[in-house]
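Peer 1: Sharing a structure, written as structure tokens. Questions coming.
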Amino acid sequence: MSRVLIVGSEGQIGSQLSVELSKTIDFDKLFLSDIKDKSKTDFKYLKVDALSYDDLKKNILDNDISEVYHLAAILSAKGEKVPKKTWNLNMNSLFNILNLAKEKIIKKVFWPSSIAVFGDSSSKNETPQFTDKEPITVYGISKLAGENWCKYYNEAYDTDVRSLRFPGVISYDTPPGGGTTDYAVDIFHSFKSGKNYNCFLNEDTTLPMIYIDDAINAIIKLMKTSKDNLRIKSSYNISGFSMSPKMIADELKNLNKEFDVEYNSDFRQAIADSWPNSIMDNYAREDWDWKENFDFKKTVNEMIHKLNIK
Ligand SMILES: NC(=O)c1ccc[n+]([C@@H]2O[C@H](COP(=O)([O-])OP(=O)(O)OC[C@H]3O[C@@H](n4cnc5c(N)ncnc54)[C@H](O)[C@@H]3O)[C@@H](O)[C@H]2O)c1
């Protein structure tokens, strides 16, 4: 059985991925790591800066790790405030992991990309796997470069690096870390605390999304698939459903007529406008049987249930 390390384990995706992986991996074979001092979990935890190649290598060798899920990054909205830092973290931490795979110290890698690789020149509806890509954020630029480097390492050095282009991830547990789709989680928390919500996107801004359980299942399914089946060596398009802020607001208003949402768009509107409205993920469906379990309605109901909203 593989010995597994999650890098960036304390974030929105890592905190759910660790729980799901722990169901099939022995306790002493699963390792979490992040730049934070401590983990919120009781799993084995290593404080490691993903920017330190030496630290990563030492911890990976010491613990005989063969499989890495590399999630550390600065996301789209936060990244615009600190462009150089975002480029540095997103690219150089990826190079550290890719080089450990090239040296065959790690056997298998998962690294997420994002719909932020698309831009104004990409087709907007049912955006295909292959289309023009001119990302407008430093985050999107780093993800597009990262995808191409993954493809390059897979082809030039025969590494096994797998990737998904995630849309906005909706989750109930750990709050999102500074992306353009964070509103889709924040709005539920406002509703729960009895406060109206001030939305930073316009009401009809439609974006592709995925519920956290589907995102985690997709990662696990992709990693289990035989490498020979994977035609995409960069990153697979994937999506659960598409929705707008108004769609969630309407659902929540059905629960409480007093709830109100104001729309005051900020710099994140331009980012959202450059992204697809919906995604065509046929390669994922054909190559490794991707299928979402959660559509819009089921996601809203699950968030209401998980957040114990009355
Ligand atoms: N959440 C989404 O909607 C979404 C969508 C598309 C892609 N992604 C990608 O998925 C991955 C995980 O996203 P997330 O939402 O969990 O992000 P997040 O911001 O919630 O978590 C990132 C984690 O990385 C850690 N980190 C930061 N710098 C580090 C360093 N130098 N060394 C080690 N750890 C460090 C942070 O402490 C944090 O716990 C990212 O690559 C992100 O780009 C996320």
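Values quoted throughout were computed directly from the atomic coordinates according to the rules given, and no laboratory measurement underlies them. Just so it is clear, the structure is predicted and the values come from calculations on it, not from any experiment. Neighbour counts run over all protein chains shown; Cβ positions are idealised from the backbone, glycine included.
Peer 1: Given the options Thr205, Thr299, Thr24, which has the most mean-square fluctuation in a GNM of the chain, springs set between C-alpha atoms less than 10 angstrom apart?
Peer 2: Thr24
Peer 1: Hey, what do the phi angles of segment 34-40 turn into as Karplus ³J(HN,Hα) couplings, whole Hz, using 6.51/-1.76/1.60 and θ = phi - 60°, x for Gly and Pro?
Peer 2: With coefficients 6.51, -1.76 and 1.60, one gets 6, 7, 6, 5, 9, 8, 6 Hz.
Peer 1: Quick one: among Lys257, Lys124, Lys233, which has the greatest mean-square fluctuation in a GNM of the chain with alpha-carbon springs under 10 angstrom?
Peer 2: Lys257
Peer 1: Also, I was wondering about something else. Residue by residue through segment 230-236, what is 3J(HN,Hα) from phi via Karplus (6.51 cos²θ - 1.76 cosθ + 1.60, θ = phi - 60°)? Round to whole Hz and write x for glycine and proline.
Peer 2: My calculation for segment 230-236 gives 8, 6, 8, 8, 9, 7, 7 Hz in order.
Peer 1: What do you get for trypsin sites (Lys or Arg not before Pro) in segment 147-199 restricted to DSSP loop and a cutoff of at most 11 other Cβ within 10 Å of the site's Cβ? Before the final figure, lay out each step's value.
Peer 2: Working: sites: Lys151, Arg162, Arg165, Lys192, Lys195; in loops: Lys195.
Answer by residue number: Lys195.
Peer 1: Does anyone have the angle between helix 296-306 and the longest principal axis of the chain? Alpha-carbon axes, 0 to 90°, nearest 10?
Peer 2: Helix 296-306 sits roughly 80 degrees off the main axis of the chain.
Peer 1: So what does the Cα-only Debye profile of segment 80-218 read at q = 0.16, 0.20 Å⁻¹, as log10 I(q)/I(0), no solvent term?
Peer 2: Summing over Cα pairs of segment 80-218 leads to -0.98, -1.34.
Peer 1: Just how many % of Cα pairs in segment 114-160 lie over 16 Å apart, if you round to the nearest whole percent?
Peer 2: Details: 466 of 1081 pairs.
The answer is 43 percent, as a whole percent.
Peer 1: I want to verify the translational diffusion coefficient of segment 10-79 in µm²/s; compute it with Stokes-Einstein, Rh as the Kirkwood radius over Cα pairs, at 20 °C and 1.002 mPa s.
Peer 2: Translational diffusion coefficient: 166 µm²/s.
Peer 1: Still on this structure, please answer the following. Under a 5 Å amide H to amide H cut-off, with H placed in plane at 1.01 Å, what residues pair with Ser113 once short-range neighbours are removed?
Peer 2: Residues meeting the criterion, in which the H sits 1.01 Å from N, are Leu164, Arg165, Phe166.
Peer 1: Which whole-number percent gives the relative contact order of the chain, counting Cα pairs below 8 Å spaced six or more residues apart? Display every interim value, and only then the final one.
Peer 2: Numbers: 611 pairs, mean separation 56.9, N = 310.
About 18 percent, as a whole number.
Peer 1: Counting other Cβ atoms within 10 Å of each Cβ, which GluC sites (Glu not before Pro) in segment 221-288 have at most 12 and sit in a DSSP loop?
Peer 2: Values: sites: Glu251, Glu258, Glu262, Glu286; in loops: Glu258.
Listed in order of number, the matching sites are Glu258.
Peer 1: Same structure, new question: For segment 1-72, run through the trypsin sites (Lys or Arg not before Pro) and keep only the ones in DSSP coil with at most 11 other Cβ atoms within 10 Å of their Cβ. Please report the intermediate quantities before stating the final value.
Peer 2: Numbers: sites: Arg3, Lys23, Lys29, Lys36, Lys38, Lys40, Lys44, Lys47, Lys57, Lys58; in loops: Arg3, Lys23, Lys36, Lys38, Lys40.
Within segment 1-72, the qualifying trypsin sites (Lys or Arg not before Pro) (loop, at most 11 other Cβ atoms within 10 Å) are Lys23, Lys38.
Peer 1: Could you work out the relative contact order of segment 1-131? I mean the mean sequence separation of Cα pairs under 8 Å and 6+ apart, divided by the number of residues, in percent.
Peer 2: On the way: 176 pairs, mean separation 31.2, N = 131.
After rounding, I find 24 percent.
Peer 1: Under the rule of -39500 (n - 2.57) per DSSP H run of 4 or more residues, summed and divided by the residues of the chain, what mean residue ellipticity at 222 nm is obtained, to the nearest 500 deg cm²/dmol? Present the calculation step by step, with values, prior to reporting the outcome.
Peer 2: On the way: 12 runs with 117 residues, N = 310.
Value at 222 nm, helices only: -11000 deg cm²/dmol.
Peer 1: As a test of understanding, state the convex hull volume per residue of segment 158-310 from its alpha carbons, in Å³.
Peer 2: Values: hull volume 17.5 nm³, N = 153.
It comes to 114 Å³ per residue, whole-number rounded.
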